[in-house]
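Enquirer: Take a look at the following structure, please.
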Amino acid sequence: MNAPATFKPYNHPSAWKGADLRHSSDWILSLSASDNDELQAALAIAKGKGAQIPHLKASDFPLPTLAARIRAMIDEVIDGRGFTLVRGFDIGRYPIQDAALIYWGLGAHMGEGRAQNAQGDLLGHVTDLGVDFRTNTNVRGYQTKLVLPFHNDSQDVVGLMCVHPARSGGLSRIVSSTAVHNAVLERRPDLLGVMYQPFHMDRRGEEPPGKPPYYTGAFFEWCGARLLCRYNRTYITSAQRFAELPRLTPQQIEALDLMDSLCNDKDLRLDMELQPGDMQFICNYTTLHSRTSYEDWPEKERRRYLLRLWLDTGRIGSLPESYLARYDDMQIWQRNPRPPIFDLSALRAELAH
């Protein structure tokens, strides 16, 4: 168990409360008309070089004035508050392939894109593929329109760019895992100890050859002076399908219930309605995210659709051993990176098999 001998509050800028940020715009980076022109110029340069996803690098996508602001933004995401929202990207100027290239180009100034699944996708597609992660353990939540419980993804940063919002619902919700940690310490310090102990999590059909179909990790672990969080109750619950694993204890279930309750606390969480062109960047180690269920448009071209990045910023340092077991999976996925597929019917057909 990677835990301090004596628990204490983690006093850090990432320990924000939604109630304090709800009426603030400090967490929004607004793009101007000239910023959009700079992105369009960078796109032209990248296309002129023939640079495409997943091989486009920051040097292929020059941002003479925006780059410094992007660096300051990633400083805030990794070492400060833990999230930001980029607003004002004029996505309506572009076909989806060009908008995705701009999004990838911005991400390249923050870190290196990492594979998000066993198919080697480095640009994820967050949209309803007509499936249900509750009944199919090979399905992941972002492929559905169901409510997503609070969780975090892998790698340092997860980015989401809104292409089309839903007809209704689909609200993005985030919460500071640092603030949740401190709240557990204040209210139930006995359960904080449980949260520092390992839980088993389901690999959901994406285990590489020779590896078990589950991995282990605690909710909270320390990386030097940095407190890290990893939490996904859906994966913990579905791992119980494996007979060789111990059953969750009443105290572990109580810890899961408390974690969920605090994540959904209206004073702790922050809700945001993503607009077309909005880009949300979150530090996976200090911020958990979720999404409300949604109803979609009947027209296929209007259905809710977001693009996702997983970024390795190279700024965290050595991770705890339990993280490396899961990150090794992604290194294997990374060996065969797949260019983005924008034909969603092909993704649906792939999932059906």
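Enquirer: Order these peptides, 118-124, 179-185, by their mean beta-carbon neighbour count within 10 angstrom, highest first.
Expert: Working: 118-124: 20.1, 179-185: 22.7.
Top to bottom by mean Cβ count within 10 Å: 179-185, 118-124.
Enquirer: Moving to a separate point now. Counting only C-alpha contacts under 8 Å and six or more residues apart, can you give the relative contact order of the chain as a whole percent? Can you show the working numbers first?
Expert: Numbers: 661 pairs, mean separation 111.1, N = 353.
Taking the mean separation of contacting Cα pairs over the length of the chain, I get 31 percent.
Enquirer: For P(r) over Cα pairs in 20 Å bins from 0, in percent, the listed values are (i) 30, 61, 9; (ii) 28, 52, 17, 3, 0; (iii) 29, 57, 14, 0; which was obtained by calculation from the structure presented?
Expert: The calculated read-out lines up with (i).
Enquirer: Can I ask one more? Helix 96-108 versus the longest principal axis of the chain: what is the Cα-based angle in degrees, 0 to 90, to the nearest 10?
Expert: Once rounded, one gets 60 degrees.
Enquirer: Can you tell me which lysines have their Cα less than 17 Å from the Cα of LYS266? Leave out same-chain residues fewer than eight positions away.
Expert: LYS17
Enquirer: Against the longest alpha carbon principal axis of the chain, how many degrees, from 0 to 90 and to the nearest 10, is the axis of helix 250-263 turned?
Expert: It is inclined by approximately 40 degrees.
Enquirer: Mind telling me which of THR286, THR178, THR234 comes out most flexible in a GNM of the chain, alpha-carbon contacts under 10 Å?
Expert: Looking only at THR286, THR178, THR234, the largest GNM fluctuation is found for THR234.
Enquirer: Let me have the 222 nm mean residue ellipticity of the chain computed from DSSP H runs of 4+ only, each contributing -39500 (n - 2.57), with the sum over all residues rounded to the nearest 500.
Expert: -9000 deg cm²/dmol
Enquirer: Hey, got the dipole for the chain? About the Cα centre, +1 on K and R Cβ, -1 on D and E Cβ, debye to the nearest 20? Before the final figure, lay out the partial values.
Expert: Working: 40 positive and 42 negative charges, 55 e Å.
Using only the charged Cβ atoms, the result is roughly 260 debye.
Enquirer: Points 7 angstrom from Cα along the Cβ direction at ALA68 and PHE242: gap in nanometres?
Expert: 5.0
Enquirer: By a straight-distance test (C-alpha under 27 Å), which lysines pair with LYS57 as possible cross-link partners, with residues fewer than eight away in the same chain excluded?
Expert: LYS47, LYS49
Enquirer: How many angstrom lie between the Cα centre of region 8-39 and the Cα centre of region 206-272?
Expert: Region 8-39 and region 206-272 have Cα centres separated by 27 Å.
Enquirer: For the chain, take the longest principal axis of its alpha carbons; what is the angle in degrees between that and the long axis of helix 177-187, to the nearest 10 within 0 to 90?
Expert: 20
Enquirer: Once both labels are modelled 7 Å past Cα along the beta-carbon direction, what's the ILE341-GLN275 spacing in nm?
Expert: So the label points at ILE341 and GLN275 sit 3.4 nm apart.
No value in this document is a laboratory result; all are computed from the given coordinates. It should be emphasised that the depicted structure is a prediction, and the values quoted were computed from it without experimental measurement. Note that each Cβ is placed from the backbone with ideal geometry, even for glycine, and that neighbours are counted across all protein chains shown.
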